[in-house]
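A short write-up of the structure that comes next.
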Amino acid sequence: MLRRILATPVAGNALVAGAMLLWLIPAQAGPQSTAPQSPVEVVAQLQQKIVTVWRSDKGFEQRFESLAPVITASHDFATMTRFTLGNRWQELSPAQREQFVAIFRRLSITTYADRFVEYDGERFVQSGHRSLSEDQHLVQTQLWLSDGTRIRLDYLLHQQGGRWTIINVLADGVSELAIKRSEYTAYIRDHGFAALVQELQRKISEMAGEERTAPSAEP
């Protein structure tokens with residue numbers, strides 16, 4: 001069973017459906033190879049790990065711990081967080097930036113651990129890939145659900161230092177990162193940065209369960 005693809009809104013704000021192919025969310029996996037991975041390999045390794053954990057029937061904390069290394073390795077969270085905060089990023093101190101990258105990483109891993117539960121034969125299928133520029137690549141996949149539904153998942157990756165990482169994910173054309181940008185910048189405007197951090201921590205605790213706290217995702 002797949003609980004959901006798109007994130008729940010922050011503090012009840014309405015979702016903004018932006019089919020924006022700019023920046024995205026996660027991608028690599030497990031044990032790191034010494035040889036550079038192609039964009040397709042990065043996405044395939046991530047999805048293979050998701051299915052392995054999905055089929056394992058583990059509890060939330062075990063799913064979190066199993067997925068944390070591959071998600072941390074495959075995402076460029078620094079790039080993603082800069083995008084989600086827009087111009088607000090420039091207003092933050094170095095300590096606040098570091099804090100936000102850490103909590104955004106934890107939220108992302110928690111979302112994956114919460115999302116993929118009760119495996120029922122679901123599978124990922126690659127449907128294509130293409131280069132967008134010398135350092136950007138799009139990997140197109142589908143998630144086939146047990147009821148016959150097919151969800152399109154497009155991963156945008158960029159290359160830095162010879163390494164490909166995911167910077168955005170589009171679910172049926174909707175950018176989850178674009179939704180977060182709209183929510184987070186509005187929340188900071190209305191309530192301030194500290195309140196946003198507190199709200200994201202609340203969401204993490206809510207997904208983990210009332211008496212469970214997501215372990216640290218620090219590498």
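Throughout, read-outs are computed from the coordinates displayed, never taken from laboratory work. Keep in mind that this is a model prediction, so the values were computed, not measured. Positions of Cβ are backbone-derived with ideal geometry, glycine not excepted, and every protein chain shown enters the neighbour counts.
At-a-glance table
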{"item": "³J(HN,Hα) computed for each position of the stretch 76-88 - Karplus, 6.51 cos²θ - 1.76 cosθ + 1.60, integer Hz, glycine/proline x", "result": "9, 5, 5, 5, 5, 5, 4, 5, 5, 8, x, 5, 5"}
{"item": "Integer Hz, Karplus 6.51/-1.76/1.60 couplings in order for the stretch 170-182, x for Gly and Pro", "result": "10, 9, 6, x, 9, 7, 5, 5, 5, 4, 4, 4, 4"}
{"item": "Against the rule of thumb 2.2 N^0.38 Å, how large the Cα Rg of the stretch 70-180 comes out", "result": "1.18"}
{"item": "All aspartates and glutamates inside 12 Å of Lys180 as judged from Cα atoms, apart from same-chain residues fewer than 8 positions distant", "result": "none"}
{"item": "Additional length obtainable on full extension of the chain from Gln136 to Arg97, 0.36 nm per residue less Cα span", "result": "11.6 nm"}
{"item": "Cut-off 12 Å between beta-carbons: net charge of the residues surrounding Ser175, Lys and Arg +1, Asp and Glu -1", "result": "-1"}
{"item": "Vicinal HN-Hα couplings computed from phi for the stretch 92-97 (Karplus, 6.51 cos²θ - 1.76 cosθ + 1.60; Hz; Gly/Pro x)", "result": "8, 6, x, 5, 5, 5"}
{"item": "The stretch 18-208, Rg to Rh (Cα coordinates; Rh as Kirkwood inverse mean 1/r)", "result": "0.96"}
{"item": "Cα→Cβ-extended label distance, 7 Å offset, between Ser56 and Asp147, nm", "result": "2.8"}
